[in-house]
1. Can you tell me which residue within the stretch 214-245, out of those that are of a type in the set (A, V, I, L, M, F, W, C) and over 18 Å from T76 (Cα atoms), is surrounded by the most Cβ atoms within 10 Å (Cβ to Cβ)?
2. Which one is farthest from G30 (Cα to Cα), of the residues in the stretch 121-141 that are touching a helix residue (DSSP H, G or I) at 6+ places or on another chain (Cβ under 6 Å) and not in a loop (DSSP other than H, G, I, E, B)?
3. Regarding R155, is this residue under 21 Å from R302 (Cβ atoms) and in contact with an Asp or Glu (Cβ under 8 Å, 6 or more places away or on another chain)?
4. Assess whether R302 counts as being under 18 Å from A194 (Cβ atoms), touching a Phe, Trp or Tyr at 6+ places or on another chain (Cβ under 9 Å) and assigned to a loop (DSSP other than H, G, I, E, B).
5. Out of the residues in the stretch 147-163 that are more than 19 Å from the chain's Cα centre (by Cα) and in a strand (DSSP E or B), which is surrounded by the most Cβ atoms within 10 Å (Cβ to Cβ)?
6. Do you know which residues across the stretch 164-176 are in a strand (DSSP E or B) and either in contact with a Gly (Cβ under 7 Å, 6 or more places away or on another chain) or modelled with pLDDT under 95 (or both)?
7. Taking the stretch 186-199, which residues are within 17 Å of the chain's Cα centre (by Cα) and surrounded by fewer than 23 Cβ atoms within 10 Å (Cβ to Cβ)?
8. Tally time: how many residues in the stretch 280-299 are out of contact with any Gly (no Cβ under 8 Å at 6 or more places or on another chain), part of a loop (DSSP other than H, G, I, E, B) and under 24 Å from G225 (Cβ atoms)?
Amino acid sequence: MQPSVLHASVLSAVLIFATLAPNAGTAAPGQGVQIQPTDDRVRVEIDGQVFTEYYFTNVPRPFLYPLVGPHGLNLTRDYPMKETPGEVRDHPHHRSFWVGHGAVNGHDCWAEGNKSGRILHERFTRLESGKDAGVIATRNTWVSVDGKPLCHDERTLRFHRPTKAGEWLIDLDITWLATQGPLTLGDTKEGTIALRLSETMRLTKSPDRTEILNSNNDRNAATWGKRAKWCDYSGPIQDKIVGVAIFDHPSNPRHPTWWHVRDYGLFAANPFGKHDFENLKENKTAGDLELPAGGSVTFRYRFFLHAGNAAQAKVAEKYDQYTAGALK
């Protein structure tokens, strides 16, 4: 990251904190969903307990870590944020809960390193605590490896206070903006709305207790590259079975989305990877999404953290409630 860009990012964060923080809390201290800015991240607390933190400075792209859900367990991997014995240290760009894509006007903004682009926090547009939900909204700049801006995004993360034991909800709305000229979100499996789940939840680690299931009733390895309204990944942490479902909103372009979900814990919705997922060797741009200069496209997702497997958590029923607007 260029020093001037980093300085501007941190300065904008300080200014927005000063502007928003005094009015951000609408719930009593220690109650509801509290959005708490610190120097380099924003902490999300639910009823006085840390649920997650939003990292946005000195990182290749913004991300959430940890995700503390049912039974007080962290459902995402610690690496590379923290060294934990027994964890496989692969794919250092798999940072808990993040957004990235491997082909943004031909540039890789999915991986990390000296050949990859970055996503830079530009500013916060909303920080709000509340009795039933809290909000973090941001504007971000996608840049090439040499720091050239490629596009922007505006995203809103809404964190819901659990209404039932063992259920946590996060809503993500993200809009890509073609601010630098025409924008192509290219056809590649490397993306896009992603989680890297806890080591013990991996299908390769616990084949008898882990299950990947989608809305078409495909299971485990058969879910990779398939289109589905929702997908769920459940497995053991300590002595408990917990899971995460991702819901693809029916208003999204290309609904139902394709799923880049792997047996080693990668779990991602990817609406752009058509040629990879459908093995269209003759057309490697089949999944390209092109925006004209000044254009935009919006996607919406819900993340449902739950106890038990998909059937026990009634994931299919929860998806229907989500699309009907019953769950706010």
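The values are calculated or read from the model by the stated rules, or taken from the named source; none is laboratory data. Since this is a predicted model, take the numbers as computed values, not measurements. Cβ atoms come from the backbone with ideal geometry, glycine included; neighbour counts cover every protein chain shown.
1. At the first step, the residues of the stretch 214-245 found to be of a type in the set (A, V, I, L, M, F, W, C) are 221-222, 224, 228, 230-231, 237, 241-242, 244-245.
Narrowing further to those that are over 18 Å from T76 (Cα atoms): 221-222, 224, 228, 230.
Working: A221: 11, A222: 13, W224: 17, A228: 21, W230: 27.
The residue in question is W230.
2. Initially, the stretch 121-141 is screened for residues touching a helix residue (DSSP H, G or I) at 6+ places or on another chain (Cβ under 6 Å), giving 121, 123-124, 127-129.
Next, only the ones that are not in a loop (DSSP other than H, G, I, E, B) stay: 121, 123-124, 127-128.
Working: H121: 28, R123: 26, F124: 23, L127: 17, E128: 15 Å.
In this case the residue turns out to be H121.
3. Values: under 21 Å from R302 (Cβ atoms): yes; in contact with an Asp or Glu (Cβ under 8 Å, 6 or more places away or on another chain): yes.
So R155 passes the test.
4. Working: under 18 Å from A194 (Cβ atoms): yes; touching a Phe, Trp or Tyr at 6+ places or on another chain (Cβ under 9 Å): yes; assigned to a loop (DSSP other than H, G, I, E, B): no.
Spelling it out, it is not the case that R302 is under 18 Å from A194 (Cβ atoms), touching a Phe, Trp or Tyr at 6+ places or on another chain (Cβ under 9 Å) and assigned to a loop (DSSP other than H, G, I, E, B).
5. L150
6. Here is the first cut: in the stretch 164-176, the ones in a strand (DSSP E or B) are 167-176.
If the condition is that a residue be in a strand (DSSP E or B) and either in contact with a Gly (Cβ under 7 Å, 6 or more places away or on another chain) or modelled with pLDDT under 95 (or both), then E167, W168 are the ones that fit.
7. From the stretch 186-199, those within 17 Å of the chain's Cα centre (by Cα) are 189-198; that's our starting set.
Residues satisfying the conditions are K189, E190.
8. So the answer is 6.
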